[in-house]
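What follows is one structure encoded as structure tokens, with my remarks underneath.
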Amino acid sequence: MDAQMTKQPGWGGDDTDPSSEWSSEQAGSADELHRLMHDLKAHQIELTQQNRELQDAQHALEISRDRYARLYDRAPVGYCTLDRGGIIREINLTGAAMLGTERGHLVGTPLWSHLDAGQAQALHAHIEAVQRGAERRTLGVRLTRRDTGHTLDLRLDSEPARGEEGDAVCLTVMLDVTEQRHLLEQLSAREQSLSRLALHDPLTGLANRALFSDRLDQAIARTQRTGEQLAVLFIDLDRFKLINDSFGHPFGDEVLKEVAARLREQVRKDDTVARIGGDEFLMLVAPADSPDAAAAVARKLIELLRRPYAGPREEIALTVSIGISLCPNDGTEAEDLVRQADTAMYIAKQSGRNTFRFYAPDMTAQAFDRILLRSGLAHAVERNELVMAYQPQLALDTRRIPGIEALVRWNHPVLGCLAPNGFLALAEETGLIRGIDAWVLRTACTQRKRWQAEGLDEGTLIKVNLSRRELERPELADDLETLLRELDLDARLVSLELTETGPVSDSASALETVRRLKGLGIELSIDHFGAVSSSLMDLKRLPIGELKMDKSLIDGLPQDSDDAAIARAILALGKTLGMRVVAQGVETQYQADFLREAGCTIAQGFLYTQPLGPDELMRFVKAWT
């Protein structure tokens, strides 16, 4: 039956088997499903990969966002977003720190409320300008930190933008420019300081020569338009070097400041006062109605500046010499007017100081003589142009000679023989006195040793004038001791004459030098006593052995009752203190008779003899004794 069934139609041979067809279809569906499953898995893998990439990108974005947020918050400048009303929508931590308030308390508040008062209007105008112009703008604001009290200067750099809701906002950068402002202020102050230094004297604050010349040029131009006059006053403090030498430069500077202050008090609106160096000042009086008006100013300045100045121990008096030149009378060039006033000032000094002089053309020749003296004085010692003359002091009661004064002379190759008053003051001013002092001291002591060999009385002292500058020199005592040892000369035969005692007693170094000189056995005397400043306390403090009455007192004897009274008082003072009193400058017998009757026993002067050379002096000694 199975065989028959296999042979039935439709089941065998070439007939198609339906189950086979179904199997084929089923197999095709399986393949398709397999393919679909494969594609699905591949797509799933792709989605998974894309999802992973998206997750990585999101993570990176979050990292980037966090990093940006940190950078935004901790940037070295402040950032904030402001709406049109200046309200802070967001701000970074740096900006909050600048404002000195926590960020949470800033958002939603107006920026201007955190600034110093009075800046709200400027901030609103700034925001409006940014929005209107659609461009970056800058505004400077200032705030005082509430937490520290420090003042900050901020620069706001704003540009327009749109907020999350599309409304107009300002993205603002906040820069702290406080240090920059401080640097700019310091630079500005330094520039002003340098500018002031360029035109002003650093010690007194007065105008300097450059500024004075500029103002003088302007004043001259003005006078040429208006026909007015102006005056230039050259003001020089008399013997100011003594202040520096005796009390030191710091004290001298204080005196110069006080002088400047007094001069400044007298300056009118269009006038100028300047310090041009050392103790020299210039004053421009513009306009000057007349020469008499300029003279009145000079007199006022002389009185003003001679008022005492506070010194280390007691008040100090100064005098001034003033030279005046006029424009247009003396010229219309600034340089010429200053030079002419300078020339007139030197003539005022030569006229006795503490006075003023107007410039005159013939003064130029005198100024030339001064220049000639200055240039020659520096070489006078080395060229052997100095010579010594000697004037004896005579004991009127015993006809002895207690002392011989050494007086230097200068044989100038052009101007002839000059007495001490013709060049020693200039030597003091120029600092050349030290070399002259040394030469005089050596020459006088050497001559005294020679006279000793010629039989001069052992009680006769050689008397040498000593400048205050030399007495200030610490090496003086050592140098003199060395000289005396070299000459084998007894120190008790040497007497040093001082013109003023005040500067000596006020100087520690000078006092120490005097103490050492006294220890050597050298005597000190006061020259020109009664005409210069020497206090009675100084006579007690210093080892003074002799007082020399000034010639100005002797000249009035016996007619002038005041001079007579002063002479008697000095003689009584000397007797009380155990000091010799010498009358110098005796020229008439009437003077000699009065002095003898008043108790003066020692005199010198032309009545007896003029200064003599070494050999003539010995002949006079033999005749007198």
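On the given criteria, is residue 457 over 19 Å from residue 528 (Cβ atoms) and in a helix (DSSP H, G or I)?
Here the answer is no, as residue 457 does not meet what is asked.
So is residue 397 under 30 Å from residue 623 (Cβ atoms) and at pLDDT below 90 or not?
Yes: the conditions hold for residue 397.
Got a number for residues in the range 87-114 being among the polar types (S, T, N, Q) and on the phi > 0 side of the Ramachandran plot?
Residues flagged as among the polar types (S, T, N, Q) and on the phi > 0 side of the Ramachandran plot within the range 87-114 amount to 0.
Residues are listed down the side, and each one gets a yes or a no for (1) among the aliphatic types (A, V, I, L, M); (2) surrounded by fewer than 17 Cβ atoms within 10 Å (Cβ to Cβ):
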site: 109; (1), (2): no, yes
site: 117; (1), (2): yes, yes
site: 129; (1), (2): yes, yes
site: 143; (1), (2): yes, no
site: 163; (1), (2): no, yes
site: 170; (1), (2): no, no
site: 179; (1), (2): no, yes
site: 183; (1), (2): yes, yes
site: 200; (1), (2): no, no
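Pairs please, first residue from the range 307-328 and surrounded by 12 or more Cβ atoms within 10 Å (Cβ to Cβ), second anywhere and part of a loop (DSSP other than H, G, I, E, B) and among the β-branched types (Val, Ile, Thr), Cβ atoms under 8 Å, 6+ apart in sequence or on different chains.
As it stands, the answer is 321/355; 322/355, since those pairs meet every condition given.
What residue, of 97, 125, is surrounded by 14 or more Cβ atoms within 10 Å (Cβ to Cβ) and small (Gly, Ala, Ser)?
Step by step, each of 97, 125 is checked, and only 97 is surrounded by 14 or more Cβ atoms within 10 Å (Cβ to Cβ) and small (Gly, Ala, Ser).
In the list 247, 234, which residue meets the criterion of being in contact with a strand residue (DSSP E or B) (Cβ under 9 Å, 6 or more places away or on another chain), closer than 18 Å to residue 323 by Cα and not β-branched (Val, Ile, Thr)?
Step by step, each of 247, 234 is checked, and only 234 is in contact with a strand residue (DSSP E or B) (Cβ under 9 Å, 6 or more places away or on another chain), closer than 18 Å to residue 323 by Cα and not β-branched (Val, Ile, Thr).
Which number in (1) touching a strand residue (DSSP E or B) at 6+ places or on another chain (Cβ under 8 Å); (2) at pLDDT 90 or above marks the one condition that residue 261 misses?
(1)
Under 7 Å between Cβ atoms, at least 6 apart or on separate chains: pull out the pairs that start in the range 347-358 with a residue that is within 20 Å of residue 291 (Cβ to Cβ) and end on any residue that is at pLDDT below 85.
Once the first residue is within 20 Å of residue 291 (Cβ to Cβ) and sits in the range 347-358, its partners that are at pLDDT below 85 give 347/363; 347/366; 357/351.
Of everything in the range 419-472, what is under 21 Å from residue 582 (Cα atoms), acidic (Asp, Glu) and touching a residue at least 60 places away in the same chain (Cβ under 8 Å)? Give them in sequence order.
Correct list: 457 only.
With the structure loaded, tell me whether residue 510 is in a helix (DSSP H, G or I), buried (at least 16 other Cβ atoms within 10 Å of the Cβ), of a type in the set (A, V, I, L, M, F, W, C) and within 42 Å of the chain's Cα centre (by Cα) or whether it fails that test.
Answer is yes for this residue.
From the list 142, 137, 196, which residue is modelled with pLDDT under 90 and among the basic types (Lys, Arg)?
196
Please work out if residue 104 is in a helix (DSSP H, G or I), out of contact with any strand residue (DSSP E or B) (no Cβ under 8 Å at 6 or more places or on another chain) and under 21 Å from residue 164 (Cβ atoms).
Yes; evaluated as a whole, the condition is true for this residue.
Being out of contact with any Pro (no Cβ under 7 Å at 6 or more places or on another chain), surrounded by fewer than 19 Cβ atoms within 10 Å (Cβ to Cβ) and either of a type outside the set (A, V, I, L, M) or not assigned by TED's automatic domain parsing to the domain that holds residue 530 (or both) is the requirement here; does residue 613 meet it?
Judged against the criteria, residue 613 is a match.
Residue 409: crowded, with 16+ Cβ neighbours inside 10 Å, at pLDDT 90 or above and in the same structural domain as residue 492 (by TED's automatic domain parsing), yes or no?
Considered against the rule, which asks whether it is crowded, with 16+ Cβ neighbours inside 10 Å, at pLDDT 90 or above and in the same structural domain as residue 492 (by TED's automatic domain parsing), residue 409 comes out as yes.
Does residue 129 meet the test of being in contact with a Phe, Trp or Tyr (Cβ under 9 Å, 6 or more places away or on another chain) and assigned by TED's automatic domain parsing to the domain that holds residue 149?
no
When only residues in the range 127-149 that are in contact with a Gly (Cβ under 9 Å, 6 or more places away or on another chain) and not in a strand (DSSP E or B) count, which is nearest to residue 86 (Cα to Cα)?
Among those residues, the one meeting the criterion is 127.
Just give me the residues in the range 70-88 being surrounded by fewer than 16 Cβ atoms within 10 Å (Cβ to Cβ) and in a strand (DSSP E or B), in sequence order.
83
Quick one: which residue in 605, 545 is closer than 25 Å to residue 458 by Cα and either among the acidic types (Asp, Glu) or touching a Ser or Thr at 6+ places or on another chain (Cβ under 7 Å) (or both)?
From the options 605, 545, the qualifying one is 545.
Could you say which residue among 415, 396, 373, 424 is in contact with a Phe, Trp or Tyr (Cβ under 8 Å, 6 or more places away or on another chain) and among the aliphatic types (A, V, I, L, M)?
373
Before we move on, is residue 331 on the phi > 0 side of the Ramachandran plot and small (Gly, Ala, Ser)?
In short, yes.
Residues are listed down the side, and each one gets a yes or a no for (1) touching a residue at least 24 places away in the same chain (Cβ under 8 Å); (2) out of contact with any His (no Cβ under 8 Å at 6 or more places or on another chain); (3) closer than 17 Å to residue 201 by Cβ:
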{"position": "235", "(1), (2), (3)": "yes, yes, yes"}
{"position": "241", "(1), (2), (3)": "yes, yes, no"}
{"position": "264", "(1), (2), (3)": "yes, yes, yes"}
{"position": "275", "(1), (2), (3)": "yes, yes, yes"}
{"position": "292", "(1), (2), (3)": "no, yes, no"}
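May I ask you to say which residue of 325, 375 is modelled with pLDDT under 90 and more than 30 Å from residue 580 (Cα to Cα)?
375
Spot the failing condition for residue 429; the list is (1) at pLDDT below 90; (2) not in a helix (DSSP H, G or I), and only one is missed.
All conditions pass for residue 429, except number (2).
If I go through the range 463-489 residue by residue, how many of them are among the basic types (Lys, Arg), crowded, with 17+ Cβ neighbours inside 10 Å and not in a strand (DSSP E or B)?
3
Give the number of residues within the range 575-599 that are closer than 20 Å to residue 392 by Cβ and either surrounded by 15 or more Cβ atoms within 10 Å (Cβ to Cβ) or not assigned by TED's automatic domain parsing to the domain that holds residue 401 (or both).
12
The values are calculated or read from the model by the stated rules, or taken from the named source; none is laboratory data. The structure presented is a predicted model; accordingly, all values stated were derived computationally and were not measured. Virtual Cβ from ideal backbone geometry, glycine too; neighbours counted across all protein chains shown.
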